[in-house]
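Worksheet: one structure, shown below.
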Amino acid sequence: MRQSLLTAARRARKTRKPSLLSRPAALAERIERAHTLDPLVCSLSDTVVRALPAGKGTDALHGVPFGQPAHPALVRFPLGCWTSAVLLDLFRGTERAAGMLIAAGVAGTAPAAATGLADWSALHRDQQRVGLVHAACQGGAAALFLGSLTARAGGRTGYGRALSASGLAVAAIGAYLGGHLALRLGAGTSHAEQVSHLSVLGWHDLCALTELADRRPVRRQLGYLSLLVYRQGGEVSVLSDRCSHLGGPLHQGRIVVERGAACVACPWHGSTFAIASGAVVHGPATARQPSFQTRLTADGRVELRPRP
Ligand code: FES
């Protein structure tokens, strides 16, 4: 009897579907595929792209001057302030300190939202769906903390504390989705190939110089590595072909001149890299594109090796 009960319990456990809440990754994956969000995603994304033309200001929002996206660093401020405020509420800290932390956190959402929107507007659609829900959670959390501040100012401290705790819970859901976006879907990480791990040390033969048309980017393969090769007269520049932003094919990009130097603009979201060095000239990419040193042999062949 006992045995049959155990077997039935085991069978029930196997057939029971885990709820989405018990598997947050499944919930995030479902958001990735939520096509119902697309009309909102499209119109908001178009608005942000129109509001942020390419230039220094937009590059700063992406984090180009810092060499990595600015958004992940900026979101820590409101989250830290709000967590501290809720801890003060829990452990009977002063009401004034809690209020100041909440206000600072709400103020900190402005730069976090601006940088987040800039990055979000240059993502793939599945990433944008998750990003939209992430932003909605953080916006909701900010509204709850603002409500908490108002309630506290009106003397309703208990209600204010409840709103703060709710705000932190919503912010935690948003933070989870932000983590999913960055760590699972790779938003903000470099998508360029790991050149140092994929190429053998030393110089490698690429091709004859005469095989390369002048001022026309072409794709070449070196072992596992896809390369963008660009010849200007007797000079040959080589970059990893996979854009560091989201892996776009740089050999299909436009050649432009920026600050007097030849650059390649990625066909997907317009990140612009100096062809000679791989330095980021315009975002949304923030990570330098891996580049190669080249030399010509006496018999006119191009050799290359990864730039240290
Ligand atoms: S993949 Fe986005 S700019 Fe290249």
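Rule-based calculations on the coordinates, nothing more; no lab input. Computed from a predicted structure; not experimentally measured. Counting neighbours? That spans all protein chains shown, and the Cβs are built from the backbone with ideal geometry, glycine included.
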### Summary
Kirkwood Rh for the stretch 126-173 from C-alpha pairs, in Å, is 11.0
#### Entry: Residue among Ala298, Ala34, Ala274 with the largest mean-square fluctuation in a Gaussian network model of the chain, springs linking Cα atoms under 10 Å
Ala298
### Message
Need one word for the stretch 26-145: rounded, prolate or oblate. Basis is the Cα gyration tensor (sqrt eigenvalues a ≥ b ≥ c); a/c below 1.5 gives rounded, then a/b vs b/c decides.
### Response
oblate
### Message
For a Förster distance of 41 Å, can you work out the FRET efficiency between the beta-carbons of Phe77 and Ala213, rounded to the nearest 0.05?
### Response
0.20
### Task
Provide the net charge surrounding Leu304, with neighbours chosen by a C-beta distance below 12 Å and charges set as Lys +1, Arg +1, Asp -1, Glu -1.
+3
## Note on the structure
If one builds a Gaussian network model of the chain from Cα atoms under 10 Å apart, the most fluctuating residue listed among Pro53, Pro111, Pro284 is Pro53
### P(r) tail fraction, the chain - alpha-carbon pairs more than 33 Å apart, %
43
### Task
Set the Förster distance to 25 Å, then compute FRET efficiency between Arg125 and Ala25 from the Cβ-Cβ distance, nearest 0.05.
0.80
### Separation of the Gln232 and Thr36 label points, Cα + 7 Å toward Cβ, nm
5.3
### Approximate spin-label separation Met100-Ile255, in nm, with each point projected 7 Å along Cα-to-Cβ
5.9
### Message
Neighbour counts of other C-beta atoms within 10 Å: give me Ser166, Ser291, Ser190, Ser196 arranged from fewest to most.
### Response
Ser196, Ser166, Ser190, Ser291
#### Entry: 222 nm mean residue ellipticity, helices alone, for the chain (DSSP H n ≥ 4; -39,500 (n - 2.57); rounded to 500)
-16000 deg cm²/dmol
### Query
Restricting attention to the stretch 207-308, which trypsin sites (Lys or Arg not before Pro) occupy a DSSP loop and are surrounded by at most 16 other Cβ atoms within 10 Å?
Arg215, Arg259
### Message
Please compute the modelled spin-label separation between Val200 and Ala54, points set 7 Å along Cα→Cβ, answer in nm with one decimal.
### Response
3.9
### Task
Please compute the net charge surrounding Thr150, taking Lys and Arg as +1 and Asp and Glu as -1 over other residues with Cβ under 15 Å from its Cβ.
+2
### Query
Which residue, Leu206, Leu181, Leu146, tops the fluctuation ranking in a GNM of the chain built on C-alpha contacts under 10 Å?
Leu206
### Message
What is the sum of charges, Lys and Arg at +1 and Asp and Glu at -1, for the other residues whose Cβ falls under 10 Å from the Cβ of Pro284?
### Response
-2
